[in-house]
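Okay, so here's the structure we're looking at.
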Amino acid sequence: MAEANAQTRAAAGRVCPTDYRLDWSATLAGTPESADVLYVVGGLYGNPFALAQIETLFAAEKGQAPRMVFNGDFHWFDIEPGMFADVDERVFRHDALRGNVETEIAAGRSAEIGCGCAYPESVSDETVAWSNEIMGRLARTAERALGPRVAGLASLPAVSMVSVGECRVGITHGDDLSLAGWGLAEDQLERSIADGLGDRLAALTLDVLASSHTCLPVARGLGAADGRRISVINNGSAGMANFKNDPRGLITRVALESLPPPVPPLYEAR
């Protein structure tokens with residue numbers, strides 16, 4: 001029994017539950033939401049200061065139909081119940097998808113799954129242990145902040161699609177296959193492309209796939225067998241630093257060409 005418990009603790013934070021497998025069928029069968037300006041905010045991680053800046057940028061948009069989607073892990077460092085409740089309320093003024101953080105807060109299985117991050121071997125055991133500890137504390141905070149409403153986090157969708165003009169943007173937390181997939185990580189993207197990422201996204205009729213999860217940004221244009229050009233944008237983290245000596249978070253903005261951004265972008269594609 002002691003050996004089994006040790007194995008469970010060692011796997012926590014690195015395992016990928018089978019219910020993390022993504023199913024896009026219902027999303028594809030429905031009518032996409034539409035927007036002339038779309039903000040995808042991945043990995044806010046409970047940072048109220050980053051959230052305030054994003055809200056300011058969004059309020060400055062000139063579009064008639066702006067939309068903001070928080071694609072998971074909008075909670076994390078908001079360990080104080082009042083801060084957690086405040087972040088939660090502000091996020092739910094907009095659209096929200098669940099990441100592994102929200103999924104495991106609602107599921108209450110941190111002892112077996114840990115943070116649900118599905119960390120690869122390239123991430124240190126120390127980082128995994130820290131993340132699992134944060135998840136345990138955050139789950140207790142969520143119970144205090146939300147009470148029985150915490151179960152509602154489990155009902156959030158894992159994928160979404162938004163049309164910006166003729167551009168179909170698929171949104172999720174991890175990669176196209178898993179809620180906590182690392183296939184769009186900086187060091188794994190080439191392998192994903194070789195494994196048919198472009199063709200899979202073309203089959204989903206996507207022009208853009210917007211994700212987060214890995215905490216490091218990636219932006220890449222892909223070719224598919226049918227000749228389509230598809231963009232993959234992993235914004236890294238909206239609530240933590242992404243570049244060396246630069247504390248700013250990143251978000252993904254997709255908009256009609258007639259609507260320039262309120263601040264200059266760091267990188268862009270048309």
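The values are calculated or read from the model by the stated rules, or taken from the named source; none is laboratory data. Keep in mind the model is a prediction, meaning the values are calculated, not measured. Here the Cβ is made from the backbone with ideal geometry for all residues, glycine too, and neighbour counts use every protein chain on show. Just the protein is used for accessible areas: all its heavy atoms, side chains included, with ligands, DNA and RNA removed. Shrake-Rupley method; radii C 1.70, N 1.55, O 1.52, S 1.80 Å.
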Legend entry - Within region 97-132: backbone nitrogen closer than 20 Å to the L28 label point (7 Å, Cα to C-beta): none
Legend entry - Carbon + sulfur, % of accessible area of region 58-146 - ligands and nucleic acids excluded, 1.4 Å: 50 percent
Legend entry - Top positive-direction residue, dipole computed over region 76-165 with Cβ charges, set M135, G114, P157: P157
Inset, instruction - Considering only DSSP beta bridges where both residues belong to region 123-270, give the percentage that are antiparallel (nearest 5). - result: 65 percent
Legend entry - Length-normalised contact order for the chain - Cα pairs under 8 Å, 6+ apart - percent: 23 percent
Legend entry - Proximal charge balance of L189 [Cβ under 11 Å; K/R count +1, D/E count -1]: -3
Legend entry - Theoretical ellipticity at 222 nm over the chain - DSSP helices of four or more residues, -39500 (n - 2.57) apiece, nearest 500: -9000 deg cm²/dmol
Legend entry - Charge context of V91, other residues only, Cβ under 14 angstrom, K/R +1, D/E -1: -3
Inset, instruction - Write down the accessible area per residue of region 200-247 in Å², having rolled a 1.4 Å probe over the full set of protein chains. - result: 42 Å²
Inset, instruction - Report, for the chain, the % of DSSP beta bridges that are antiparallel, rounded to 5. - result: 50 percent
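Find how much the distance from F243 to E257 grows on full extension, using 0.36 nm per residue of separation minus their present alpha carbon separation; answer in nm with one decimal.
Value of the extension gain: 2.4 nm.
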Inset, instruction - With springs connecting C-alpha atoms under 10 Å apart, model the chain as a Gaussian network and identify which of A154, A210, A185 has the largest mean-square fluctuation. - result: A154
Inset, instruction - Give me the number: length gained by fully extending T205 to A219, i.e. 0.36 nm times residue separation minus the C-alpha to C-alpha distance, one decimal in nm. - result: 3.2 nm
Legend entry - For region 1-132, accessible area per residue (1.4 Å probe, heavy atoms of protein chains only), Å²: 47 Å²
